[in-house]
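The values are calculated or read from the model by the stated rules, or taken from the named source; none is laboratory data. All of these numbers come straight from a predicted model, not from anything done at the bench. Cβ placement follows ideal geometry from the backbone for every residue including glycine, while neighbour counts extend to all protein chains displayed.
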Amino acid sequence: MSVRRLADWSDTRLRRLADEYGTPLYVHDHDRVRENYRRLTGAFPDADVLYAVKANAGRHVLDTLREAGAGAECASAGELKRALDAGFAPEDVHYTPVNPPARDLDYAGDRLAGTDATVTVGSADTLDRLESRGFTGRVLVRVHPGVGAGHSAEVATGADAKFGVPRDRVHGVLADADDRGFDVRGLHAHTGSGLLTASDRDDHRTVVETLAELVAESPVALDRVDVGGGFGVPYRESEPPLDLDAVATATRDALAGLDVELAIEPGRYLVADAGVLLATVNTTKETDGDLLAGVDAGMTTLIRPALYDAYHAVRSLAPDAADRVPVPTSVVGPVCESADVLAEGRDIPRVERGDLLAVGNAGAYGVEMASTYNSRPRPAVVALAGDDERLVRRRETLADLTTHEA
Ligand SMILES: *Cc1c(COP(=O)(O)O)cnc(C)c1O
């Protein structure tokens, strides 16, 4: 199955999990993560697959993907620590610092100097800063391709000058890195996040073609091209899934004639549809035309709707949902912000207080972006594998909120 919809989750199992662990609750299915990984490696059989840890850095996710054979792509010292501590070998770790704070590079120097880890540098001065910390190992140069795409402007990184070296300076940075004794391996670009449509695919292809041209004319011999992540998932139930084979073909075509290893860095694609968020209805309110369902999860649990105007499917898990009349419903959280909305104007079987709702595609950038704003403790996470289940992150308590106060 190339896509798992919210309707494919067992309602009886989800109701039982909510009973047992309480809500809000993230449920994460590792069988699905493994299926997603297999599908991706099937489409890209020769590629090195590096999981983009920022999508979901939970140890349980890292363990599952490491065991499946993935490497790890890390964006910060914290992600590096979590990946290395989870047992990823340095040679399977890529560190992609963007405007890295000194403390991050200190940590990277400590853990990566003298290893076969790869650092993807997005600006010439990151080379200086790595060298002064004893790291002169494998590097990729991140290219700012000037073309971006994605589910919203906030994540179309390829178009944003913050990321990568401008095209016309790439060869200079490669030569400089080589002169300084770095093990210069290749180029990297990340078009953006949530690529789904044929037009996104064209943008991706344009970015890979840019990399290919730069490799072909490079002053330093290169043997690796990392095309980043961004493989999208359909958040709307009516959206077709990503045509992965078409993306793989476009990628291969763009690299035709070059003798390079390909690396990809999927985050969302591996974990998004492996997760759902469960929430309980606290209050209901009739408004003009819309029923408001106030639930115990909100923008502090899942910020994507508030931050990106992202769409997440919502399903009623009320045992008698099939007998209720669907009415336009907005699902809102308990935070004092108008942005605190999970879904707007959805036809949902008329909700009642105490009902359980499931929010789909919550496995990526869900718990990872959770905050304690409004002094709201973060939710629990339960992981499933076959019939087994395990609490992998306990629910935070009110006492946890002040543990760092000095
Ligand atoms: C965020 C990011 C990814 C993963 O993006 P997804 O959309 O989750 O696949 C991969 N590589 C880099 C450099 C990133 O910043």
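Only one residue in ARG167, ARG142, ARG180 is within 10 Å of the ligand (Cβ to nearest atom), among the basic types (Lys, Arg) and touching a Leu at 6+ places or on another chain (Cβ under 8 Å). Which one? Step through it out loud before you land on a result.
Numbers: ARG167 fails: within 10 Å of the ligand (Cβ to nearest atom); ARG180 fails: within 10 Å of the ligand (Cβ to nearest atom).
Result: ARG142 is the single residue among ARG167, ARG142, ARG180 that is within 10 Å of the ligand (Cβ to nearest atom), among the basic types (Lys, Arg) and touching a Leu at 6+ places or on another chain (Cβ under 8 Å).
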Does ALA86 satisfy the condition of being over 20 Å from ARG304 (Cβ atoms) and buried (at least 22 other Cβ atoms within 10 Å of the Cβ)? no
Looking only at strands (runs of 3 or more DSSP E) that lie completely in the range 11-86, which have at least 2 residues being out of contact with any strand residue (DSSP E or B) (no Cβ under 9 Å at 6 or more places or on another chain) and in the same structural domain as GLU396 (by TED's automatic domain parsing)? none
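Hey, among the residues in the range 50-94 that are of a type in the set (Ser, Thr, Tyr) and within 12 Å of the ligand (Cβ to nearest atom), which one's nearest to THR115 (Cα to Cα)?
Here is the first cut: in the range 50-94, the ones of a type in the set (Ser, Thr, Tyr) are 51, 64, 76.
The next check asks that each one be within 12 Å of the ligand (Cβ to nearest atom); those that pass are 51, 76.
On the way: TYR51: 19, SER76: 18 Å.
Looking at residues that are of a type in the set (Ser, Thr, Tyr) and within 12 Å of the ligand (Cβ to nearest atom), I get SER76.
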If you check LYS162 against the conditions, is it basic (Lys, Arg) and within 30 Å of THR206 (Cβ to Cβ)? yes
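Output the residue which, of all residues in the range 233-264 that are under 27 Å from VAL382 (Cβ atoms) and of a type outside the set (Val, Ile, Thr), is surrounded by the fewest Cβ atoms within 10 Å (Cβ to Cβ). Walk me through how you get there before you give the answer.
We begin by selecting, within the range 233-264, every residue under 27 Å from VAL382 (Cβ atoms); these are 233-237, 241.
Subsequent filtering for residues that are of a type outside the set (Val, Ile, Thr) retains 234-237, 241.
Details: PRO234: 21, TYR235: 18, ARG236: 11, GLU237: 13, PRO241: 17.
So the residue we want is ARG236.
For the range 262-276, give me each residue that is within 9 Å of the ligand (Cβ to nearest atom) and assigned to a helix (DSSP H, G or I).
Initial filter on the range 262-276 (within 9 Å of the ligand (Cβ to nearest atom)): 264-272.
Selection gives ARG268, TYR269, LEU270, VAL271, ALA272.
When you scan the range 277-310, how many residues do you find that are within 16 Å of the ligand (Cβ to nearest atom), closer than 22 Å to PRO377 by Cβ and assigned to a helix (DSSP H, G or I)? Lay out the reasoning, then the answer.
Residues of the range 277-310 within 16 Å of the ligand (Cβ to nearest atom): 302-304, 307-308, 310.
Narrowing further to those that are closer than 22 Å to PRO377 by Cβ: 302-304, 307.
Next, only the ones that are assigned to a helix (DSSP H, G or I) stay: 304, 307.
Matching residues across the range 277-310 total 2.
When only residues in the range 179-208 that are among the charged types (D, E, K, R) and crowded, with 17+ Cβ neighbours inside 10 Å count, which is nearest to ASP116 (Cα to Cα)?
Step one: of the range 179-208, the residues among the charged types (D, E, K, R) are 179-180, 183, 185, 200-203, 205.
Restricting the remaining residues to those that are crowded, with 17+ Cβ neighbours inside 10 Å gives 185, 200-201, 203, 205.
Details: ARG185: 12, ASP200: 33, ARG201: 32, ASP203: 32, ARG205: 29 Å.
Here the residue is ARG185.
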Conditions: (1) at pLDDT 95 or above; (2) surrounded by 18 or more Cβ atoms within 10 Å (Cβ to Cβ); (3) over 26 Å from GLY134 (Cα atoms). VAL225 meets all but one. Number of the miss? (3)
Top-ranked residue in the range 152-178 [being out of contact with any helix residue (DSSP H, G or I) (no Cβ under 9 Å at 6 or more places or on another chain) and within 25 Å of GLY114 (Cα to Cα); ranked as surrounded by the most Cβ atoms within 10 Å (Cβ to Cβ)]: ASP178
Looking only at the range 37-69, how many residues end up being farther than 22 Å from TYR107 by Cβ, of a type in the set (Gly, Ala, Ser) and crowded, with 17+ Cβ neighbours inside 10 Å? 3
I'm told THR120 meets every condition in (1) of a type in the set (S, T, N, Q); (2) over 21 Å from VAL260 (Cβ atoms); (3) within 16 Å of the ligand (Cβ to nearest atom); (4) not in a loop (DSSP other than H, G, I, E, B) except one. Can you identify the failing condition by its number? (2)
